[in-house]
Structure formats: C-alpha cells, structure tokens
Amino acid sequence: MKTVLTIAGSDSSGGAGIQADLKTFEAFGVYGASVLTVLTAQNTTGVQSIFPVDPSFVAEQIHSVLDDFRVDTIKIGMLYDAAIIETVRAIVEPLGIPIVLDPVCVSKAGSPLLKDDAIDALREFSKAVTLTTPNLHEAYRLFGYRSGDSDSLSDLIAHPSPVLIKGHVMDRIIADLLYLGRQKRVFTSQKIESTDLHGTGCTYSSAIAASLALGLELDHAIERAKAFVTDAILSAPSLGHGPGPLNHKAAGEYLNIRYKELP
C-alpha cells in the first residue's frame, strides 16, 4: 500500500484540513499519515480561533513518520506562519518525492489562515514542490495573477514548477489552468450550483497527491482528482449553517467504479 503524508491544520468540524485529507486518502486506497501544523476552532461558518503548533514539534512529528514509514508523496496544506513554513521546507525538500502544496490563505467562509508576513516564504517554498494548487485569490497573492489579464502572467511564467490555478468560471464550466512556464493546460468540469464547498481545496490537492502516489502522471492525477471532487460535491450531505462539507465516502465509491482499471 502506498503512503501519503499530509502536513496541514486541523479542522474541528471535520470538513477540511487534516480530516478531509485522511478521508480522501482512504477513498483512493492509500495509507494516510498526518502532521499537525495548526489547531483550529472551526465550523462551516468560519474559524473562531487558531492555535499554531510550535515549529520544533512540527519537525518532531515529521521525523517520527519518516523514521517509520516509506512515504511516497506529501501533501501540504495550512502552514500559517513563516517559521512553520521554513521548518517544513527544510525537512521535506531534500526527500526527492512528489510534493503537492495547497497554499492555504483564506477559508471558504472568509477567515484568514496565513499571516501576512509569511507570503514570501510560501512563494519560495512553492518553487521547490511538484505542484502548487492556489485558487484565484491565492494565485493573486502569490504571483500577482488576475484571471483574463495577460499582463499579470510574468511572475507565473517565470515560476520554475507547475502551478494549477483553480476556479475560473466560464459560462457553466469551471476551468482549472495548469501553468508550467509558457505552457498551459486546461481541465474543466460542469459548474455545480452548491453552497456545500467546505474543504474542496484540501480534498482536491489530497486527491492529486494520492493519485501521484499511485503512479499516475500529473495530468492524469489532476483529471482523476477533479472528477473525485465533483462527485464529492454532488453527493454532499448539506450539514452545518455555512458552506457544508463534502461526501468523501460516496465520491470514493464512484471513483472505484469509474477508475476500476487503474491501481
């Protein structure tokens, strides 16, 4: 069984963060290990409180997992501040395994999840990973990217590793754009009218990481992950008073049917 390590924050409502990552790994048939960077008091309406883990203990957690498991892929989510970012980067960058970075800045409910002075450290870290998966807001903060503005592409084109910018709305289509230098690839899905979107970014990046661990090429991993997220939204249980969580279990069942020929 392949092993994927998630390094991210905890969501006490269970819809995003570490909890969503582990549910996704289970659905893909890979083993999930976890390292907590931040504890949150959080539900679907927002984040009420954030308690960052001391960077030294973040490092101890990572070493504990790496000393005992052969980790095939790493997914990184909420890192919160520059000290945690630098600690994580120093350990995982030399490993030489696929790393998917979800540059978490703001929750679906609008709560800030990254300190303002940590954006430069996060941008530098993104240069050393296999894939960075920002939404439009995060892409603007990291790269100055604005959808439809070709003049804003210079930093993105100069970026040395692939970046998948999520959430472009085109009529009834949601398009995610994969940039690697001047190359661009487009991944589309039907736009779903739903407020149950809590944890979609965490789930998407975790699904890509799980697919890479299973040996899929990056394009195929993104396609498979996007289909999984779509199914998870369509079957969402409509819980909570804000943007509700996804249905990872049902999406996993659909995934097994749709991709039964794959590992």
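None of the figures in this text is laboratory data; all of them are computed from the coordinates on show. Please read these numbers as outputs of a predicted model, since none were measured by experiment. Ideal geometry is used to build each Cβ from the backbone, glycine not excepted, and the neighbour counts take in all protein chains shown.
Below, the figures for the structure above:
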quantity	calculated
Cα centroid separation, segment 15-30 to segment 157-171 (Å)	24 Å
Unsatisfied cross-links (Cα-Cα over 22 Å) in the set Lys127/Lys166; Lys75/Lys127; Lys23/Lys226; Lys166/Lys226; Lys23/Lys191; Lys115/Lys249	Lys23/Lys191; Lys115/Lys249
Relative contact order (%) - criterion: Cα under 8 Å, at least six apart; region: the chain	20 percent
For segment 124-209, average projected area of the Cα convex hull in nm²	5.8 nm²
Max mean-square fluctuation residue, GNM over the chain, Cα-Cα springs under 10 Å, options Asp72, Asp102, Asp219	Asp219
Gyration tensor over alpha-carbon atoms, segment 59-202, equivalent ellipsoid semi-axes in Å	26, 17, 16
Along each principal axis, Cα extent of segment 182-258, largest first, Å	40, 29, 19
Least to most buried among Ser56, Ser34 (fewest other Cβ within 10 Å first)	Ser56, Ser34
Per-residue Cβ neighbour rank within 10 angstrom, fewest leading, His198, His220, His63	His63, His220, His198
Base-10 log of normalised Debye intensity for segment 1-132 (one unit scatterer per alpha-carbon) at q = 0.13, 0.15, 0.18, 0.21 Å⁻¹	-0.49, -0.66, -0.97, -1.33
Cα centroid separation, segment 35-71 to segment 191-221 (Å)	21 Å
Order of Thr44, Thr195 - criterion: other Cβ atoms within 10 Å of each residue's Cβ, fewest first	Thr195, Thr44
Cα gyration tensor category, rounded, prolate or oblate, for segment 133-263 with a/c compared to 1.5	oblate
Computed magnitude of the charge dipole of the chain (debye, nearest 20; Cβ of K, R +1, Cβ of D, E -1)	640 debye
Compactness of the chain as Cα Rg over 2.2 N^0.38 Å, two decimals	0.92
